[in-house]
Amino acid sequence: MAEAFWNQTLISKVNTLGKSIAELVVLVLIFALILVACVVTTRFIAGRQIQCGRNSNFKPLETYQVAQGRYLQLVQIGTRYFVISVTKDSIRLIAEMKEEEISIKEDSGKGIVRPFKEILSEFKAKVDKHEDAGK
């Protein structure tokens with residue numbers, strides 16, 4: 001009789017453990033689905049914003065930070081150029097400029113995405129060079 005009681009207790013504990021593991025697996029799957037949905041939604045929204053920006057007549061050409069939270073921006077709207085003041089509370093027109101007054105510098109390549117492996121190898125070379133100079 002005691003043996004039957006222990007067998008029944010053991011079976012109920014195994015059933016409870018099995019239910020707990022099944023619940024954990026279901027929760028992990030739901031979490032994974034939520035993460036996938038977030039990634040897909042973020043990429044979709046980013047793609048739409050990039051597409052809208054390409055077809056726009058508004059182009060920020062240059063930004064200069066005057067103080068924390070205060071900027072001067074040179075923007076092109078259609079074929080006209082404006083200097084505006086931007087703060088967290090307002091945007092104000094400072095001046096309109098002619099195209100001849102503006103010297104637009106070519107992109108220095110800061111926006112180019114490089115492989116992490118390349119950046120890491122350059123950093124290692126700099127560190128090794130610095131260590132060799134110290135010896």
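The values are calculated or read from the model by the stated rules, or taken from the named source; none is laboratory data. Just so it is clear, the model here is predicted, and its values are computed rather than measured. So basically every Cβ, Gly included, is an ideal-geometry build from the backbone, and we count neighbours across all protein chains shown. These area figures cover heavy atoms from the full protein model, side chains too; ligands, DNA and RNA do not enter into them. Shrake-Rupley method; radii C 1.70, N 1.55, O 1.52, S 1.80 Å.
At R0 = 30 Å, how high is the FRET efficiency between residue 73 and residue 51 if r is their beta carbon distance? Nearest 0.05 is fine.
0.85
Roll a 1.4 Å probe over the protein heavy atoms and report the accessible area of residue 59 in Å², nearest 10.
Approximately 100 Å² of residue 59 is accessible to the 1.4 Å probe.
Sequence-distant or interchain residues sharing an amide H contact under 5 Å with residue 97, placed H: which?
It is 81, 82, 83, by chain and number.
Which parts of region 44-86 would a label at residue 101 reach, counting a residue when its backbone N lies under 14 Å from a point 7 Å out along Cα-to-Cβ?
Label zone hits: 73-76, 80-85.
Can you compute the FRET efficiency between residue 88 and residue 125 using 1/(1 + (r/R0)^6), with r the Cβ-Cβ distance and R0 = 41 Å? Round to the nearest 0.05. Provide the component values of the computation, followed by the final result.
Details: r = 42 Å, r/R0 = 1.02.
In this case the efficiency is close to 0.45.
Which order, highest average first, do 74-83, 61-70 follow once you tally other Cβ atoms within 10 Å for each residue and take the mean per peptide?
Numbers: 74-83: 14.2, 61-70: 10.3.
Those peptides, ordered most packed to least, come out 74-83, 61-70.
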